[in-house]
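*Asks:* The structure's right below; bear with me while I get my questions together.
The values are calculated or read from the model by the stated rules, or taken from the named source; none is laboratory data. It should be emphasised that the depicted structure is a prediction, and the values quoted were computed from it without experimental measurement. Cβ placement follows ideal geometry from the backbone for every residue including glycine, while neighbour counts extend to all protein chains displayed.
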Amino acid sequence: MRIGLFGGTFNPPHEGHLHVSREALRRLRLDRLWWLVTPGNPLKDNRALPSLAERIVAARALARDRRIVVTGCEAGLGTRFTADTLRALRGRAPSARFVWIMGADNLGDFPRWRGWRDIADGVPIAVFDRRGGRAKPPSGAAGAYLDRFRLDEADAALLAGAPAPAFVFLHGRRSGESSTHLRGGAP
């Protein structure tokens with residue numbers, strides 16, 4: 001089973017999440033894509049964050065695609081950081097071929113994630129260009145590290161079967177929606 005993992009607060013979930021998910025399913029030839037709705041992002045202030053249950057309900061209402069599984073599994077696993085979540089998921093489903101999905105905006109912050117190199121070394125990563133994104137990956141620490149393991153965009157369907165570290169940067173139609181904008185926190 002080839003499974004994309006798309007983590008976030010989904011506060012709120014929006015058409016951009018759905019667009020990236022459908023593109024990942026198609027271009028990476030995934031069997032499923034899991035929205036990992038986090039109890040709270042360790043890099044953000046979570047005091048005003050709606051409950052996990054509320055965000056899961058909203059995400060499921062939007063997803064309505066049998067291939068997209070909305071889960072709050074981090075709460076059940078007792079994990080707070082992506083590296084720990086991935087370790088737990090690989091331990092519970094050793095035959096699954098996981099691919100981490102993220103927007104290009106997160107690649108710049110990736111070195112701030114606890115265990116980011118463990119993540120990169122443990123699971124292939126697909127980065128989707130976002131509105132305002134660059135034509136190529138950022139040149140920061142994560143971009144420089146991952147670029148050595150970069151697959152050509154035309155070979156994106158091979159990513160799930162590639163041994164980590166493996167990375168692909170995907171371009172395409174972008175969504176103008178963002179959770180920050182929808183919450184009224186961006187112009």
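*Asks:* Being assigned to a helix (DSSP H, G or I) and surrounded by 14 or more Cβ atoms within 10 Å (Cβ to Cβ) is the filter here, so list the residues in segment 72-81 that pass it. Before you say what the answer is, go through the steps one by one.
*Replies:* Of the residues in segment 72-81, the ones assigned to a helix (DSSP H, G or I) are 73-77.
Result: 73, 74, 75, 77.
*Asks:* Of the residues in segment 154-185, how many are part of a helix (DSSP H, G or I) and modelled with pLDDT under 95?
*Replies:* Filtering segment 154-185 for residues part of a helix (DSSP H, G or I) gives 154-161, 179-182.
Retained after the next criterion (residues that are modelled with pLDDT under 95): 179-182.
Counting residues in segment 154-185 that are part of a helix (DSSP H, G or I) and modelled with pLDDT under 95 gives 4.
*Asks:* Mind listing whichever residues of segment 10-57 are more than 28 Å from residue 94 (Cβ to Cβ) and in contact with a helix residue (DSSP H, G or I) (Cβ under 7 Å, 6 or more places away or on another chain)?
*Replies:* Within segment 10-57, 11, 12, 13, 14, 18, 43 meet the criteria.
*Asks:* Inside segment 25-42, can you point out the residues that are touching a residue at least 60 places away in the same chain (Cβ under 8 Å) and either assigned to a loop (DSSP other than H, G, I, E, B) or on the phi > 0 side of the Ramachandran plot (or both)? Walk me through it before giving the result.
*Replies:* Filtering segment 25-42 for residues touching a residue at least 60 places away in the same chain (Cβ under 8 Å) gives 27-30, 33, 42.
Passing the criteria: 28, 29, 30, 42.
*Asks:* Which condition does residue 7 not pass, out of (1) modelled with pLDDT of 95 or more; (2) farther than 15 Å from residue 126 by Cα, if it passes all the others?
*Replies:* Of (1) modelled with pLDDT of 95 or more; (2) farther than 15 Å from residue 126 by Cα, only one is false for residue 7: (2).
*Asks:* Looking at segment 71-111, which of the residues that are among the basic types (Lys, Arg) and modelled with pLDDT of 95 or more is farthest from the chain's Cα centre (by Cα)? Please lay out each step first, then the result.
*Replies:* In the first step, residues of segment 71-111 are kept if they are among the basic types (Lys, Arg); the result is 80, 87, 90, 92, 97.
Narrowing the set further to residues that are modelled with pLDDT of 95 or more leaves 87, 90, 92, 97.
Details: 87: 15, 90: 16, 92: 19, 97: 15 Å.
Filtering segment 71-111 for residues that are among the basic types (Lys, Arg) and modelled with pLDDT of 95 or more, the one farthest from the chain's Cα centre (by Cα) comes out as 92.
Table: residues versus (1) part of a helix (DSSP H, G or I); (2) touching a His at 6+ places or on another chain (Cβ under 7 Å); (3) more than 21 Å from residue 127 (Cβ to Cβ).
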residue: 70; (1), (2), (3): no, no, yes
residue: 83; (1), (2), (3): yes, no, no
residue: 88; (1), (2), (3): yes, no, yes
residue: 107; (1), (2), (3): yes, no, no
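*Asks:* Given 55, 60, which one is crowded, with 19+ Cβ neighbours inside 10 Å and assigned to a helix (DSSP H, G or I)? If you could, list the steps in order and put the result at the bottom.
*Replies:* Numbers: 60 fails: crowded, with 19+ Cβ neighbours inside 10 Å.
Going through 55, 60 in turn, the sole match is 55.
*Asks:* Working only within segment 63-80, note down all residues that are charged (D, E, K, R) and at positive phi. Spell out the reasoning first.
*Replies:* So in segment 63-80, the residues charged (D, E, K, R) come out as 64-67, 74, 80.
Correct list: 64 only.
*Asks:* If I ask for residues that are small (Gly, Ala, Ser) and either at pLDDT below 90 or in contact with a His (Cβ under 7 Å, 6 or more places away or on another chain) (or both), which ones from segment 114-140 would you list?
*Replies:* Kept after step one, since they are small (Gly, Ala, Ser), are these residues of segment 114-140: 115, 120, 122, 126, 132-133, 135, 139-140.
Residues satisfying the conditions are 132, 133, 135, 139, 140.
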